[in-house]
1. Residues in the range 31-62 that are exposed (fewer than 14 other Cβ atoms within 10 Å of the Cβ) and more than 17 Å from the chain's Cα centre (by Cα): how many?
2. Please work out which residue is surrounded by the fewest Cβ atoms within 10 Å (Cβ to Cβ), limiting yourself to the range 63-81 and to residues that are under 11 Å from the mean Cα position of the chain (by Cα) and assigned to a loop (DSSP other than H, G, I, E, B).
3. Taking the range 84-109 as the search range and keeping residues that are within 27 Å of the chain's Cα centre (by Cα), among the aliphatic types (A, V, I, L, M) and surrounded by fewer than 12 Cβ atoms within 10 Å (Cβ to Cβ), which one is modelled with the highest pLDDT?
4. Hey, any hits in the range 38-49 for a residue that's assigned to a loop (DSSP other than H, G, I, E, B), more than 14 Å from L79 (Cβ to Cβ) and out of contact with any helix residue (DSSP H, G or I) (no Cβ under 9 Å at 6 or more places or on another chain)?
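The values are calculated or read from the model by the stated rules, or taken from the named source; none is laboratory data. As the structure is a prediction and not an experimental result, all values here were calculated from the model. Cβ sites come from the backbone with ideal geometry, for glycine too, and all protein chains shown count toward neighbours.
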Amino acid sequence: MNSVMTRAECEEIIKNVLVSVLGIPSNRILPESTLVFDLNMDSLDAVEVIQNIEINVVLVSDSLEGVLFNYHRLTFAKLVDAVYAIKVQQTQLLKKRRELGLSVRQKHK
C-alpha cells in the first residue's frame, strides 16, 4: 500500500530540485527565501524546476502551471505549500477513483 507523502518529504524533494537546477547549496534555501531575488531563479530555471518537481513529486503534468505563472512572487515555503496541496488533492482524487472502480466491478459480478 502506498503511503501518503508528507509535507516534509515534499519539501526535501523540492529543495533537492532547486539545489540541482540552480546549482546552489541547500543551506541557502530558507522558508522565506524568494525564488527570484534570493535564489536567483530566472524564467528558464523556473520551467526546469517545475518540470522536475512534477516528475519527482509525481504530479499530473501541467498541474503547476499557475505556480509557474507567479514564480517571481514565491518564497520557498509558499512553493512547498502549493506543491503539497496539489499532491494531496491529486492523491485524494486517485483514491476516490480507485474506490469507485472497485464498487463498479463488484456490481458487475
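1. Looking only at that region, the number is 6.
2. S63
3. Kept after step one, since they are within 27 Å of the chain's Cα centre (by Cα), are these residues of the range 84-109: 84-101.
Adding the requirement that they be among the aliphatic types (A, V, I, L, M) leaves 85-86, 88, 93-94, 100.
Add one more test, that the residue is surrounded by fewer than 12 Cβ atoms within 10 Å (Cβ to Cβ), and what stays is 93, 100.
Details: L93: 85, L100: 80.
Result: L93.
4. First, pick out the residues of the range 38-49 that are assigned to a loop (DSSP other than H, G, I, E, B): 38-42.
With more than 14 Å from L79 (Cβ to Cβ) added as a condition, the list becomes 40, 42.
With the extra rule that they be out of contact with any helix residue (DSSP H, G or I) (no Cβ under 9 Å at 6 or more places or on another chain), the set shrinks to 42.
Scanning the range 38-49, I find at least one residue that is assigned to a loop (DSSP other than H, G, I, E, B), more than 14 Å from L79 (Cβ to Cβ) and out of contact with any helix residue (DSSP H, G or I) (no Cβ under 9 Å at 6 or more places or on another chain), so the answer is yes.
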